[in-house]
1. With every protein chain present, what is the per residue accessible area of the chain (1.4 Å probe, Å²)?
2. Run the accessible area of the chain with a 1.4 Å probe and give the carbon-and-sulfur part as a rounded percent.
3. I'm spelling it out carefully: the read-out is semi-axes √(5λ) of the Cα gyration tensor in Å, the candidates are [x] 20, 17, 9; [y] 18, 15, 12; [z] 28, 17, 10, and one was derived from this structure. Which label?
4. What list of ³J(HN,Hα) values in whole Hz, one per residue of the stretch 22-38 in order, does the Karplus curve 6.51 cos²θ - 1.76 cosθ + 1.60 (θ = phi - 60°) give from phi, with Gly and Pro shown as x?
5. Straight-line reach from LYS65: which lysines fall under 21 Å, measuring Cα to Cα and dropping same-chain residues less than 8 apart?
Amino acid sequence: MNTERLANIIVAPRVSEKAATRADLENQHVFSVLKNATKPEIKKAVELMFDVKVKSVKVINMQGKLTRIGRTF
């Protein structure tokens, strides 16, 4: 795979209380990645950037929350 693409797959780490708990207790880390990234690409990108061995990758696609102003969304 192209190392340039692998470098761009990971957008940012997700910082939240739930992500911090997973990192401490289960040794899992949470990242925002590109929408068109596949599991093997994510695995290789993390291994390349952080010099670690990735056991497995779990991916979830989440929709954004609706914002409301008065009665309208």
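The values are calculated or read from the model by the stated rules, or taken from the named source; none is laboratory data. These numbers were taken from a predicted model, which means no experiment stands behind them. With ligands, DNA and RNA removed, areas are computed over all heavy atoms of the protein, side chains included. Shrake-Rupley method; radii C 1.70, N 1.55, O 1.52, S 1.80 Å.
1. Each residue of the chain exposes 92 Å² on average to a 1.4 Å probe.
2. Whole-percent figure for carbon plus sulfur exposure: 54.
3. The listed entry that was calculated here is [z].
4. 4, 5, 6, 8, 10, 6, 10, 10, 10, 10, 8, 10, 5, 5, 9, 7, 9
5. Within the straight-line cut-off, LYS65 pairs with LYS18, LYS35.
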